[in-house]
Amino acid sequence: MLDLSRLTKLTEDLEQAVLSENIDEIQRLCSENSDFIFSIQPEKKNTSANQQLKSFIDIHQSATLLVKQTHQTVQNQLYQSIKARKSVSKYKGVKHAE
């Protein structure tokens, strides 16, 4: 049986985190509720529950996309930082600078 109150609360909290682009909150919510999220099954006769489930799925997909985009941005920044550091170390004057 689907716990609609918990699903509604989780959907609202996740939506707030997505709107504010709070990656830490998104990750916390998903990790704390992962067992519940993976246990969700659609109900054949309850259309209102299925509608809430669709809403949750949309929000969860948005959250996943936001986390992926943030991860890619951080990876690119890290790459640029490493690239800059390597090119600076090639400059011979840096080794002997004090």
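The values are calculated or read from the model by the stated rules, or taken from the named source; none is laboratory data. What you see is a predicted model, and the numbers here were worked out from it, not measured in a lab. Methodologically, a virtual Cβ is constructed for each residue, glycine included, from the backbone with ideal geometry; neighbour enumeration extends over all protein chains shown.
Evaluation of Asn50 against the conditions (1) surrounded by 11 or more Cβ atoms within 10 Å (Cβ to Cβ); (2) among the polar types (S, T, N, Q); (3) modelled with pLDDT under 85 shows that the sole unmet condition is (3). Residues of region 25-41 that are within 14 Å of Leu65 (Cα to Cα) and either in contact with a Ser or Thr (Cβ under 7 Å, 6 or more places away or on another chain) or surrounded by fewer than 15 Cβ atoms within 10 Å (Cβ to Cβ) (or both): Gln27 alone. For region 17-24, the count of residues that are part of a loop (DSSP other than H, G, I, E, B) and at pLDDT below 85 is zero.
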